[in-house]
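Take a look at the structure below.
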Amino acid sequence: MVDDQHRSSPGSPVASYRSTFECVLDALPDGVLLTNAERQIVYCNPAFARHWNIPTNLLEVADDTLLLRYVKDQLFDPAAFVHEVERINLTSETSQDEISLKDGRLLSRRSVPLKDPDAFAARLWIFTDVTETEYARTDALCGISNRRAYASEYPQFVEGADDGLMRSVGILDIDNFKAYNDQYGHAAGDMVLRQIGTLLRHSAVAQNGRAYRIGGEEFLLACKTQGSSDALAFFEALRTGILNMQLPHTGNPPHNMVTTSIGLSI
C-alpha cells in the first residue's frame, strides 16, 4: 500500500510498480478486499465484485455503508459475518472460515493484517468460491460430509494437536434398514436418512465434531469431550434422540420404531 506521503508521479518506478501490482490483483480469480483501520475500503478487485454480485453503480458510489448493507443482505448469518470483521480488524490475527450465501454458494474467507511498519495499517480479505469443492465432499441426501471428505478429514481430526479434549468416534448403523425399505419404499427410506443426517449434523456442530455418511445406512460421528463419561452421554443422547423421532418401523421388533446401533471407540 502506498500512502499519500509516498505517492509518486505517473511514470516513476514506484508508480509503475504499484500499477503492475494492482494489475496482478485485478487478474486474480479470488476476490480481494483491502480495508484500513477504520474498516473503510481501500481497494477491491473485479473478482470481489463478481463473488458478491455487486453492481457497477454501487462500486462507483464508493459508499462503504451501502456496500456492507448489500453484502449482508446476501448472507444467511449477517450478524456473525460482521462480528468477525469487528473482532479481528485491529488485531494481529490471521483467520479463515467459510460463509454461506442465500443463493446456495459457499465462500472461503481468509484474512491477514498488514503493518506499516510496526502498527496496524490495513487488513487484507480474500474470498474464494468453494461451492463445487464443498458439494463434492457433501452427501447430497443427508447434507453431511461423505466418504471422500471422511478419507481426508478424519485422520487430521484424530492426529490433530492436543487441545486437552478426548477424541471419540461412533459408528452408527440403522437397525433393519433393508426391511424398512422393503416395507415402506426407498422414498420413505431416503426421508429417514435425511432426518438422521440432520440430527447428526447439528449434534456434531454442538460437540465440536464431525459427521460423515460412510455407507448406505452407516454413519460415522467424531466428537471431542472432556472425558469418557461425557462421550458416552453424548452418544447415548444421540441414540435416544433418533428413537424419540418415533418413526414407525414394524419390521424392527420389539421397538417397532426406527432405531440405531452405535459402536464406540473412546
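The values are calculated or read from the model by the stated rules, or taken from the named source; none is laboratory data. Quick caveat: nothing in here was measured; it's all calculated off a predicted structure. Backbone-built Cβ (ideal geometry, glycine too); neighbour counts: all protein chains shown. Each accessible area value is taken on the protein alone, full model and side chains, heavy atoms only, with ligands, DNA and RNA left out. Shrake-Rupley method; radii C 1.70, N 1.55, O 1.52, S 1.80 Å.
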*Residue-averaged 222 nm ellipticity for the chain, from DSSP H runs of 4+ at -39500 (n - 2.57), nearest 500*: -12500 deg cm²/dmol
*If you average over every viewing direction, what projected area does the convex hull of the Cα atoms of the stretch 201-266 give, in nm²?*
4.9
*asked:* Given an 8 Å cut-off on Cα distances and at least 6 residues of separation, report the relative contact order of the chain as a percent.
replied: 14
_Distance (nanometres) between label positions extended 7 Å along Cα→Cβ at ALA179 and SER100_ = 3.5
_Need one value: the accessible area of VAL82 in square angstrom, 1.4 angstrom probe, rounded to the nearest 10._
30
*Roughly how many Å² is the accessible area per residue of the stretch 115-254, as a whole number, for a 1.4 Å probe?*
52
*Give or take rounding to whole Å, what are the principal axis extents of the alpha carbon atoms in the stretch 64-108, in descending order?*
32, 23, 14
*So which lysines can LYS178 reach, going by Cα to Cα under 22 Å and dropping same-chain residues fewer than 8 places off?*
none
*Averaged over every viewing direction, what's the projected area of the C-alpha convex hull for the stretch 14-133? Give it in nm², one decimal, please.*
7.9
*Set the Förster radius R0 to 41 Å, insert the Cβ-Cβ distance between ALA79 and MET257 as r into 1/(1 + (r/R0)^6), and round the FRET efficiency to 0.05.*
0.60
_Given Cβ point charges of +1 (Lys, Arg) and -1 (Asp, Glu) and nothing else, what value in debye, to the nearest 20, does the dipole of the chain about its Cα centre take?_
380
*asked:* Relative contact order of the stretch 163-236, please, whole-number percent, based on alpha carbon pairs below 8 angstrom and at least 6 residues apart.
replied: 45
*Quick one: helix 186-206 against the long Cα principal axis of the chain, what's the angle to the nearest 10°, folded into 0 to 90?*
60
*To the nearest Å, what is the center-to-center distance of the stretch 190-266 and the stretch 62-85, using C-alpha atoms only?*
36
*Tell me, what % of the accessible area of the chain is carbon and sulfur with a 1.4 angstrom probe?*
54
_Rg/Rh for the stretch 15-79 to two decimals, with Rh computed the Kirkwood way over all alpha-carbon pairs._
0.99
*Which lysines does LYS115 reach when only Cα atoms under 30 Å apart count, and residues fewer than 8 places away in its own chain are ignored?*
LYS72
*In the chain, what is the volume of the convex hull around the alpha carbon atoms, normalised per residue and reported in Å³?*
167
*On Cα atoms only, tilt of 147-159 relative to the major axis of the chain in degrees*: 80
*Tell me the chymotrypsin sites (Phe, Trp or Tyr not before Pro) within the stretch 73-139 that lie in a loop according to DSSP and have at most 14 other beta-carbon atoms within 10 Å.*
PHE76
*Computed FRET efficiency, Cβ-Cβ of ALA119 and ASP64, R0 30 Å: what is it to the nearest 0.05?*
0.85
*Given the convex hull of the Cα atoms of the stretch 148-260, what is a quarter of its surface area in nm²?*
7.2
